[in-house]
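See below for the structure under consideration.
Every read-out reported here was derived from the displayed coordinates using simple, explicitly stated rules and does not represent laboratory data. All values reported here derive from a predicted model rather than from experimental measurement. We place every Cβ from the backbone using ideal geometry, glycine too, and count neighbours over all the protein chains shown.
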């Protein structure tokens, strides 16, 4: 073997990194951005689909929807004149039937038929009890209870919604509700309306037995626009101040109104004698609720049963049931009709009779005797139109209110920036 050492030479190599590929780097960035955008869109879409269901579950179901009633349009004078001018066709003289004597049995049957109309609305009535713990002279605790009639107006998710008067539950420590079968459960205050004094309470349906749920009824709300002077009605609930009572009578007036902040309501007055502390509902002979008894607005020492017309408070019941804040400006007003405008020179619109203290109207500069003619971009000539436009606003929203103010040279247009409050 050849042991002579041989010299070897190794090739020395240096590994160098390739220069960065800018196109690949930019492509990766674009892919990352696109992925992020796609993820965001998917998340937004998922939220949009899931959020209403989640809110519905948290808030106790979908919103309560109470259909409104269309106010009838009175026939125009032209139509009346045309009808009066038309030649009436001759009508045959009717043959008069012999008069029949009405017996006591006929009277009894009549009242029994009228009483039968109360069966369903009675099942929608409850007794609301406000409880306050107090101390007697011997320093012993006792419960002071006041009670009033309530009305089951809706079911919302797992809750039953009951409307009653706020005065009974305003400063209480516990609220209970007694149903048609005398079963009593606890209730929770939800929201009230300071204008009418109405409030809505919540009762968990799980607290009620199956028999109670099967026997109760949701309030059969009717159309008070169809009620006329002289129509027979029944007052049920506690119109005389004690529970489970019924009174018969007729409607004596449908034209009286009460002016409250930012709106007005029609009253149904009757010839039924009641109590100043009375409560309950007015129903027609079909068993439909046409009024909510509100003795606060009753005249004659509050002994005549008076009710808020149901058609005009349906939107209020709906918003209270949905726990929604109601928009508020804070004026009491009246319509300036064409006749009043021609006689006094006041522009047509809503005449401000008074402005509530510390209200959005005061802070905006609206004053008594101003005539509101526009809210936002919509003109208003009646209090009803004013209320409709205000109802489209939300608390906290800023809106332009246009009014006419009388000065030395007559009425001049003024604009006010009003931040809508809530009531």
Order of 404, 414 under a 10 Å beta carbon neighbour criterion, fewest first: 414, 404
Whole-number Å³ per residue for the convex hull built on Cα positions in region 327-422: 84
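Between residue 228 and residue 419, what FRET efficiency comes out of the Förster formula 1/(1 + (r/R0)^6) with R0 = 35 Å and r the beta carbon distance, rounded to 0.05? Could the numbers behind the result be given before it?
Details: r = 42 Å, r/R0 = 1.21.
Once the sixth-power term is evaluated, E becomes 0.25.
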Sorted by Cβ neighbour density within 10 Å, fewest at the top, the residues 208, 125: 208, 125
Over region 273-421, relative contact order from alpha-carbon pairs under 8 Å, at least 6 apart, %: 17
Region 241-284 - percent relative contact order, Cα under 8 Å, separation 6 or more: 41
Size of region 203-250 as Cα extents on the principal axes (Å, biggest first): 43, 26, 16
Within region 183-210, backbone nitrogen closer than 20 Å to the virtual label 7 Å beyond the Cα of residue 170 toward Cβ: 188-202
Order of 416, 138, 363, 179 under a 10 Å beta carbon neighbour criterion, fewest first: 138, 363, 416, 179
Protection-proxy order for peptides 195-203, 393-401, 274-282, each taking the mean of Cβ atoms within 10 Å per residue, highest first: 274-282, 195-203, 393-401
Residue-span extension gain [residue 296 to residue 181] - 0.36 nm each, minus C-alpha spacing: 38.5 nm
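So, R0 is 25 Å and r is the distance between the beta-carbons of residue 146 and residue 250; what FRET efficiency does that work out to, to 0.05?
According to the calculation, E is roughly 0.20.
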Long-range Cα-Cα pairs in region 224-321 (distance over 15 Å), rounded percent: 56
